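Notes to accompany the following structure.
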Amino acid sequence: MNIALVTGSAGLIGSESVAFLADKFDLVIGVDNNLRQYFFGADGNTEWNRNRIEEAFGNYKHYSADIREVSQLEPIFKEYGTDIKMIVHAAAQPSHDWAAREPFTDFGVNAVGTLNMLEMTRLHAPEAVFIFTSTNKVYGDNPNYLPLVELETRWEIDESHPYFINGIDENHSIDHTKHSIFGASKVAADIMVQEYGRYFGMKTAVFRGGCLTGPNHSGAQLHGFLAYLMKCAITGTHYTIFGYKGKQVRDNIHSHDLVNMFWHFYQNPRPGEVYNAGGGRFANCSMLEAIALCEQITGNKLSYSYSETNRVGDHIWYVSDLSKFKSHYPDWNWEYGLTETLTQIHDGISSRLGVKTV
């Protein structure tokens, strides 16, 4: 039997992985205990998404296990063992603001949970391909010291800099920088995933995501930038922009495009590799530009205010360079641009809220 195991399976990337892999494996195992609701309250509740994938995919089996507890993971790995061929580790505490409230919880989920998953894989399914969703926050605030130029609606990197054409590559330093507590816990996990590939020879890969987004995101104020912004535009909820004049730039990758990257890696793994994964120059926007797009798609004017205080360790400008991945896997490319992704997010949120769309 061929089995895929997905952690955070009711979240954005986890549920997208389940959907993508369901027709490629005999069984897809999901591990998710809805900690996102604990992190972010009602907005973060993923039960609706768990119910959706359980109804949609007959070969999906859910476990409400806590990745911080080996005692809860080990029975799963012992039961399925070497039948597990692919692991997508997408479970995380994803907010750098929230992490400062409970550093023990953040580190437990992000770092210890990842180590638990790696060790269970090494002991029970050592030939499995292990894919880890890391983050651009491992670079800390180093990107803020690049030569940036203020334009009308966004910050942009000076066109003379090597990063101007394609964005920030994997050689950008993750050292001597302010990461945020969240960023530091993800660095620990990121390095450990690399180490299990390099030291033990396991088929591990790190994907350092930009903004990961899509229609099945349970967006909340502290995480899920585009989904929460669109939800505010639909419902009339007030939105607050934090710092940088609202001109901070993020690249945005649709969850399907990211999971397709995972699939390409799975078919030809390169142990211990690290890849930046985002929308790159293909799909990026500033906060102000995202607001304009949300207003255009919804037909509503967004209610928002501005706070001069930026989030600690937040990036002013971040665009991922995917040249390395594309050179290793030239058949991969983006399928969903920014407007199409935001339209899907709008339609998904409207459907869940029972809001009629024009």
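The values are calculated or read from the model by the stated rules, or taken from the named source; none is laboratory data. No experiment lies behind these values; they were computed from the predicted model shown. Using ideal geometry, Cβ is built from the backbone for each residue, glycine included, and neighbour counts are taken over all protein chains shown.
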Go through segment 184-220 and report how many residues are more than 24 Å from His256 (Cβ to Cβ) and at pLDDT below 95. 0
Is it the case, given these coordinates, that Phe262 is buried (at least 22 other Cβ atoms within 10 Å of the Cβ) and modelled with pLDDT of 95 or more? yes
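Each row is one residue, and each column tells you yes or no for (1) acidic (Asp, Glu); (2) within 14 Å of Gly140 (Cα to Cα); (3) in contact (Cβ under 8 Å) with a residue 24 or more places away in the chain; (4) touching a strand residue (DSSP E or B) at 6+ places or on another chain (Cβ under 7 Å).
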site: Glu159; (1), (2), (3), (4): yes, no, no, no
site: Ile174; (1), (2), (3), (4): no, yes, yes, no
site: Lys178; (1), (2), (3), (4): no, yes, yes, no
site: Lys203; (1), (2), (3), (4): no, no, yes, yes
site: Gly214; (1), (2), (3), (4): no, no, yes, yes
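A quick yes/no check of all residues on (1) under 14 Å from the mean Cα position of the chain (by Cα); (2) surrounded by 22 or more Cβ atoms within 10 Å (Cβ to Cβ):
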{"residue": "Ser185", "(1), (2)": "no, yes"}
{"residue": "Gln194", "(1), (2)": "no, no"}
{"residue": "Gly214", "(1), (2)": "yes, yes"}
{"residue": "Lys231", "(1), (2)": "no, yes"}
{"residue": "Lys245", "(1), (2)": "no, no"}
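So which residues in segment 142-154 are outside any loop (DSSP other than H, G, I, E, B) and touching a His at 6+ places or on another chain (Cβ under 7 Å)?
Residues satisfying the conditions are Asn142, Pro143, Asn144.
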Across segment 155-187, what is the number of residues that are closer than 21 Å to Arg311 by Cβ, hydrophobic (A, V, I, L, M, F, W, C) and either part of a helix (DSSP H, G or I) or touching a Pro at 6+ places or on another chain (Cβ under 7 Å) (or both)? 6
Sort out which residues of segment 190-205 are under 15 Å from Leu123 (Cα atoms), in contact with a Ser or Thr (Cβ under 8 Å, 6 or more places away or on another chain) and of a type outside the set (A, V, I, L, M), and write them in order of number. Tyr196, Gly197
So which of Ser323, Ser305 is on the phi < 0 side of the Ramachandran plot, of a type in the set (Gly, Ala, Ser), surrounded by fewer than 22 Cβ atoms within 10 Å (Cβ to Cβ) and touching an Asp or Glu at 6+ places or on another chain (Cβ under 9 Å)? Ser323
Among the residues of segment 4-15, are any in a strand (DSSP E or B), farther than 21 Å from Leu226 by Cα and under 16 Å from the mean Cα position of the chain (by Cα)? yes
Checked against (1) without any contact (Cβ under 8 Å) to a residue 60 or more places away in the chain; (2) within 30 Å of Tyr329 (Cα to Cα), Gln296 satisfies every condition except (2)
Go through segment 56-74 and give me each residue that's part of a helix (DSSP H, G or I) and either modelled with pLDDT under 95 or under 19 Å from Ile3 (Cα atoms) (or both). Ala56, Gln72, Leu73, Glu74
Within segment 75-98, identify whether any single residue is in contact with a helix residue (DSSP H, G or I) (Cβ under 7 Å, 6 or more places away or on another chain), assigned to a helix (DSSP H, G or I), modelled with pLDDT under 95 and at negative phi, and answer yes or no. yes
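Yes or no: segment 301-322 includes at least one residue that is over 30 Å from Ser173 (Cβ atoms), touching a Leu at 6+ places or on another chain (Cβ under 8 Å) and assigned to a helix (DSSP H, G or I).
There is no residue in segment 301-322 that is over 30 Å from Ser173 (Cβ atoms), touching a Leu at 6+ places or on another chain (Cβ under 8 Å) and assigned to a helix (DSSP H, G or I).
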Filter pass, Glu273 being surrounded by 13 or more Cβ atoms within 10 Å (Cβ to Cβ) and not hydroxyl-bearing (Ser, Thr, Tyr): yes
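Every residue, every condition in (1) more than 27 Å from Val18 (Cβ to Cβ); (2) in contact with a strand residue (DSSP E or B) (Cβ under 6 Å, 6 or more places away or on another chain); (3) not basic (Lys, Arg), yes or no:
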{"site": "Thr237", "(1), (2), (3)": "yes, no, yes"}
{"site": "Phe242", "(1), (2), (3)": "yes, yes, yes"}
{"site": "His256", "(1), (2), (3)": "no, no, yes"}
{"site": "Val274", "(1), (2), (3)": "no, yes, yes"}
{"site": "Phe325", "(1), (2), (3)": "no, yes, yes"}
{"site": "His328", "(1), (2), (3)": "no, no, yes"}
Cβ-Cβ below 9 Å, separation at least six or inter-chain, first residue in segment 338-355 and of a type in the set (Asp, Glu), second surrounded by 18 or more Cβ atoms within 10 Å (Cβ to Cβ): which pairs? Glu340/His254; Asp347/Pro215
So which residues in segment 11-40 are under 14 Å from Pro94 (Cα atoms) and in contact (Cβ under 8 Å) with a residue 24 or more places away in the chain? Gly11, Leu12, Ile13, Gly14, Asn34, Leu35, Arg36, Phe39, Phe40
Taking segment 220-240, which residues are part of a loop (DSSP other than H, G, I, E, B) and within 20 Å of Gly299 (Cα to Cα)? Gly236, Thr237, His238
